[in-house]
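> Here's a structure for you.
The values are calculated or read from the model by the stated rules, or taken from the named source; none is laboratory data. Here the structure is a predicted model, which means the values were calculated and not measured. Please note: Cβ atoms are built from the backbone with ideal geometry, for glycine as well, and neighbour counts cover all protein chains shown.
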Amino acid sequence: MSPKALRHFCMVATELNFRRAAEHLHIAQPALSVSIARLEEQLGVELFVRGRRGVELTEAGRLLLPEAVQILRRIEGLQLLVRQAGAGEAGTLRLAFVGTAAYRLVPQALNQLQRSYPDIEVELYESITERIVEGLRNRSLDLGVVRYPLEQYPGLELEIVDEDGYCVALPIGHPLAVRKSLSLAALANEPLLVPPKEHSPALRNLMLQGFQARGIMPRVSWHQATQMATVLAMVEIGSGIALVPQCIVGRVAHRVVFRQLEKNSRFRTGLALLFDPGHLSPLAEHFRQAARAAKDNVKAGQL
C-alpha cells in the first residue's frame, strides 16, 4: 500500500467521482481506476460501490478514509522533518563550552540561532577544553566553545568569535582596590590564582609570560581551580587575586571587585569555536553563523 495509492483513494473518496478526482490529481481517469483497483486487490476488499448514479464508499472504505488521511499527514510531516534536518533547519545540536562562554557568547548566539531556526534543539554541556576536544574527536559533540590561546590539536580548527581582555579580581577591602587601574608590577607580590597546567596550559603560560615579559616573577598561589565560579569564590575568601575575562564583570554574584589593567599591562584572550572541519554538520554551521552575528552585534554596541 503506497502513499500514492492512498492519495488516489482519498481524492476519489472526497469527490465521489473518478473524473473529477483524476482532474485534481492531474492524471488520466483510466490510470486512476487501475490504481484504485490495485489497492482494493491488495486489501482484499472493495472500497467503492460503482453505480449508475456515481460512486459511494463501502463500509470498508468509510473506515479506511480517516486512517488514510492521518497516514498521509504523518508521511508529509516526516518528509518535511527530513528535509529540514538535511538543511540544518531541524535536529539536535550537541554543543560544549567552557564556563566563561556562558556569560555572554553562548546565550547571545543561542538567541540568534533560535530566532532563525526555531526547530533546532540544543544539548548544552559545560566542560573543559580537553574534554571538548575528546568529544569532537569521538563525534559525541558537534561543536565546542573554548577560550584561546590554547594548545594545538591536529585535525581541529579554531575560529575566534569573541575577543576579550583580562581584568583583576580582588577581595573587597583589598588595599589595591582603591586604585582605578593596576599594573602587573603592582600585582607582583600578590598570590596569583592561575589555571592548572593540566587543564589550561596555554592560558596559564599567557598569564605568566605576560608578567615575565616585563621582568616580573609573579607569586603563584598554590590554590587551583578550573571553573570561574570557584576562582571568584577563592578571591572572595582571600585565597589570592586573579586575572579574569572582562566579559564576566557585572554578571557574577560573588563579593569581589574588578579593576582594569593599565594599558601597557594588557594582553588579550577571547572565545573561539573549535570544530572538526571534516565533520561540520549543517546544524553546527548555523551556530557558527549565529556566533558571528553575536560578535558583530557586540562590536556595534547592540549587546
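> Just the residues that are closer than 22 Å to I128 by Cβ and part of a strand (DSSP E or B), please, taken from the stretch 168-196.
A169, L192, L193
Let's see how each residue does on (1) assigned by TED's automatic domain parsing to the domain that holds A13; (2) over 30 Å from A272 (Cβ atoms); (3) modelled with pLDDT of 90 or more:
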position: R53; (1), (2), (3): yes, yes, no
position: L64; (1), (2), (3): yes, yes, yes
position: Q79; (1), (2), (3): yes, yes, no
position: G99; (1), (2), (3): no, no, no
position: A102; (1), (2), (3): no, no, no
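> For V231, state whether it is touching a residue at least 24 places away in the same chain (Cβ under 8 Å) and assigned to a helix (DSSP H, G or I).
The answer is yes for V231.
> Out of L158, L124, I need the residue that is touching a helix residue (DSSP H, G or I) at 6+ places or on another chain (Cβ under 8 Å), of a type in the set (A, V, I, L, M, F, W, C) and part of a strand (DSSP E or B). Which one?
Within the list L158, L124, the selection yields L124.
> Scan A177, A169, A213 and give me the residue that is farther than 27 Å from R104 by Cα, among the aliphatic types (A, V, I, L, M) and either surrounded by fewer than 17 Cβ atoms within 10 Å (Cβ to Cβ) or in contact (Cβ under 8 Å) with a residue 60 or more places away in the chain (or both).
Answer to the selection: A213.
> Go through the residues of the stretch 18-29 one by one and say whether even a single one is surrounded by fewer than 16 Cβ atoms within 10 Å (Cβ to Cβ) and assigned to a strand (DSSP E or B).
For the stretch 18-29, residues surrounded by fewer than 16 Cβ atoms within 10 Å (Cβ to Cβ) and assigned to a strand (DSSP E or B): absent.
To keep it simple, each residue is scored yes or no on (1) within 16 Å of the chain's Cα centre (by Cα); (2) in the same structural domain as A291 (by TED's automatic domain parsing); (3) among the basic types (K, R).
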{"site": "I120", "(1), (2), (3)": "yes, yes, no"}
{"site": "L136", "(1), (2), (3)": "yes, yes, no"}
{"site": "R139", "(1), (2), (3)": "yes, yes, yes"}
{"site": "V146", "(1), (2), (3)": "yes, yes, no"}
{"site": "P149", "(1), (2), (3)": "no, yes, no"}
{"site": "Q152", "(1), (2), (3)": "no, yes, no"}
{"site": "L156", "(1), (2), (3)": "no, yes, no"}
